[in-house]
1. Are any of the residues in region 372-382 farther than 25 Å from Gly284 by Cβ, part of a strand (DSSP E or B) and among the hydrophobic types (A, V, I, L, M, F, W, C)?
2. Assess whether Gly335 counts as being over 21 Å from the mean Cα position of the chain (by Cα) and part of a helix (DSSP H, G or I).
3. Return the residues of region 105-125 that are part of a strand (DSSP E or B) and buried (at least 24 other Cβ atoms within 10 Å of the Cβ); say none if nothing qualifies.
4. What number of residues within region 2-46 are of a type in the set (A, V, I, L, M), under 18 Å from Pro268 (Cα atoms) and touching a strand residue (DSSP E or B) at 6+ places or on another chain (Cβ under 8 Å)?
5. Can you name the number of the only condition in (1) crowded, with 20+ Cβ neighbours inside 10 Å; (2) under 30 Å from Phe34 (Cα atoms); (3) among the small types (Gly, Ala, Ser) that Gly312 fails?
6. Might you check whether a residue that is among the small types (Gly, Ala, Ser) and closer than 30 Å to Pro297 by Cβ occurs anywhere in region 392-411?
7. Looking for something of a type in the set (A, V, I, L, M, F, W, C), at pLDDT 95 or above, more than 20 Å from the chain's Cα centre (by Cα) and not in a loop (DSSP other than H, G, I, E, B) - is there at least one such residue anywhere in region 64-81?
Amino acid sequence: MTSENWGARLHQAGAYSLYLHVPFCAQKCAYCDFASWATGRHDPLIARYASALCSQIDEARELGLLGDVRTAYIGGGTPTMLGAGSLGRLVSAASGLGVGELSCEANPDSLSDEVLTCMVDGGATRVSIGVQSLDDSELKVLGRLHDAALAKKRVRAAVASGLDVSCDLMCALPGQTDVSWAATLDEFLALGAGHVSVYPLMIEEGTAFDKLYGDEDCDWNSDEVQARRMQMAQAELEGQNLNRYEVASYAKPNCRCLHNIAYWTGRPYLGLGTKASSMLTLEGYIRLLKTACNLPPAPSDTARVRLRALNGRDEIAADPRLESLRFSIEFLTEGQAAAEDLMLGARLAEGLHPSLIDHARAVLPPGSLDACLDGLIADGYIKFVNGSYSPTERGWLLGNELYGRLWDLAPGDVLEV
């Protein structure tokens, strides 16, 4: 932990992190509710959209929003759907900002050797591969295009490329058993990746799984099954030196994802692309207003501004100018921003930053934070050890209760536009 004053994060004029959203997939997975659409590999929209993102990067840099950026993440969707040419140009545009960490998401079926080479040559440092399972029957149910053999082959190739490699794995799936989950974990560990994110399947509204299972009481996805599978993952992964640093993320030493840590620790970020989200300080929002004159002025008590781009893929490809973007907007006061940072910080193993605690005490209603922390300790969700409030095992497994009680500290209602 650093000794930085937490309140300074509310006055950083530029973004600390950059997110670039690629909304293309070869096929929509049964569980996915992300902003992505099945698209033919040779659809000319793909290249036009990638060029539009490069143009937006240049414009944001000219506004001074990217002068201090430290991490970048190309996500989706499936960024590797762009192919080596377009993805290489996008990676180069992001790495040209001088970031220390540049991550790119990938799916095994489109992570060719050529695409891996373009990532490395363009300046990427990490690749995050959507493996999800190493059981062929489970992959088929999820709607994935790859099988276990291809996933393992492409993860090994990514490790050999010299990139830091992360994999996504999912548990509590239809047809999954404790035995098949243990086998997936064992096979993942043999691949040599330094980072893994482990998630229980969530049945999201509007997905194919919602139509299949939304009205059912699914024993295979019960709270008890989710908890058991997450505990199995913790025991297996930490036994092999991949230690949990966030509720769903495990890493070998020096392999943590700095971009995601930035999200959980109050750093401002800029998101570009359809449906991409941004979190700016008031100073950063004022810089955006210089070109996006259609945006409303911020209320006088604003400390943080959350934006979500509403423009579709075709709109952005046709006109990438920032002044042409439409947004949904939330204006947060200093107290609301502090409650949000407490909620997100509780995801981390290291716990709530002492500087955040000091800042929150100063801007939240007197006594409210300490009463909340005392109650969370009494109920077994957090513990106070070595000067830090950090989640207990109960807090990990019942995170929604923990996060909800910290967010409830926020005074008033967030202003939405």
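1. Step one: list which residues in region 372-382 are farther than 25 Å from Gly284 by Cβ, which gives 372-382.
This time we only want the ones that are part of a strand (DSSP E or B), so: 382.
Adding the requirement that they be among the hydrophobic types (A, V, I, L, M, F, W, C) leaves 382.
For region 372-382, residues farther than 25 Å from Gly284 by Cβ, part of a strand (DSSP E or B) and among the hydrophobic types (A, V, I, L, M, F, W, C): present.
2. So Gly335 passes the test.
3. Taking region 105-125 first, the residues part of a strand (DSSP E or B) are 105-106.
Within region 105-125, Ala106 is the sole residue that qualifies.
4. Applying the first criterion (of a type in the set (A, V, I, L, M)) to region 2-46 yields 8, 10, 13, 15, 18, 20, 22, 26, 30, 35, 38, 45-46.
Among the residues that remain, those that are also under 18 Å from Pro268 (Cα atoms) are: 8, 10, 13, 15, 18, 20.
Now restrict to residues that are touching a strand residue (DSSP E or B) at 6+ places or on another chain (Cβ under 8 Å): 10, 13, 15, 18, 20.
Of the residues in region 2-46, 5 are of a type in the set (A, V, I, L, M), under 18 Å from Pro268 (Cα atoms) and touching a strand residue (DSSP E or B) at 6+ places or on another chain (Cβ under 8 Å).
5. (1)
6. Initially, region 392-411 is screened for residues among the small types (Gly, Ala, Ser), giving 395, 399, 404, 410.
Of the ones still in play, those that are also closer than 30 Å to Pro297 by Cβ are 410.
Looking through region 392-411, at least one residue is among the small types (Gly, Ala, Ser) and closer than 30 Å to Pro297 by Cβ.
7. No - not one qualifying residue is present in region 64-81.
For (1) in contact with a Ser or Thr (Cβ under 6 Å, 6 or more places away or on another chain); (2) without any contact (Cβ under 8 Å) to a residue 24 or more places away in the chain; (3) in the same structural domain as Ala151 (by TED's automatic domain parsing), each residue gets a yes or a no:
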position: Gly192; (1), (2), (3): no, no, yes
position: His195; (1), (2), (3): yes, no, yes
position: Asp217; (1), (2), (3): no, yes, yes
position: Trp220; (1), (2), (3): no, no, yes
position: Val247; (1), (2), (3): no, no, yes
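The values are calculated or read from the model by the stated rules, or taken from the named source; none is laboratory data. Keep in mind that what you see is a predicted model, and the values were worked out from it rather than measured. When we count neighbours, we look across all protein chains shown, and the Cβ atoms used for this are built from the backbone with ideal geometry, even at glycine.
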